[in-house]
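Here, each number is a calculation from the coordinates, and none is a lab measurement. Quick caveat, the model's predicted, so the values are computed rather than measured. So basically every Cβ, Gly included, is an ideal-geometry build from the backbone, and we count neighbours across all protein chains shown.
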Amino acid sequence: MKQLILAAGVLALVAGSAGTAMQGEAQAAAPVCLKIRNLGNLKLLDDKTALATSRSQGNFIVKMRHTCRDLKRMDNYYTLRVNSQEECFDSDDVLVFRDGGLCFIESVTPAPAPAK
């Protein structure tokens, strides 16, 4: 009986440490996100894509769900409406412009490194 309890305890310990190791790997492989506090400026690349520049995190590609004409006007300032509890700027967040325009974010991904 003692051997059975000991074997069950060892199995539980091994399963717990494997779960912890997998959790650590998942956190290490988690995608990098653009933190809202680091969102510096958005430069429009085309009607539905912008480049977000962050001094501490690098560049990110921001794709809009629809054409975002309001971002072309330099004097039309925007604020962010964030729809998640996370500190990342990502899908379903909204750029709300002073003159009434809205741009819905589809995705935010790290920009590829420039070719050397």
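Counted by neighbouring Cβ atoms within 10 Å, the residues Val82, Val32 run from fewest to most as Val32, Val82. Here the 3J(HN,Hα) profile of region 49-62, calculated from phi with Karplus coefficients 6.51, -1.76 and 1.60 at θ = phi - 60°, is 9, 10, 10, 9, 10, 10, 4, 8, 10, x, 9, 9, 8, 10 Hz, Gly and Pro shown as x. Quick one: if the Förster radius is 22 Å, what FRET efficiency do Lys48 and Gln85 give, using the C-beta to C-beta distance and rounding to 0.05? For R0 = 22 Å, the calculated efficiency reads 0.25.
Shown here for region 50-116: GluC sites (Glu not before Pro) in loop regions (DSSP other than H, G, I, E, B) with at most 13 other Cβ atoms within 10 Å, namely Glu86, Glu87. Given 10 °C and 1.306 mPa s, compute D for region 34-110 with the Stokes-Einstein relation, Rh being the Kirkwood radius over Cα pairs; round to the nearest whole µm²/s. Translational D for this selection: 129 µm²/s.
Listed values for region 95-101 are Karplus-derived 3J(HN,Hα) couplings in whole Hz (6.51 cos²θ - 1.76 cosθ + 1.60, θ = phi - 60°), namely 8, 10, 8, 4, 8, x, x, and x replaces Gly and Pro.
Taking 13 Å as the cut-off, the amide N atoms of region 52-81 that come nearer than this to a point 7 Å along the Cα-to-beta-carbon line of Val96 belong to 78-81.
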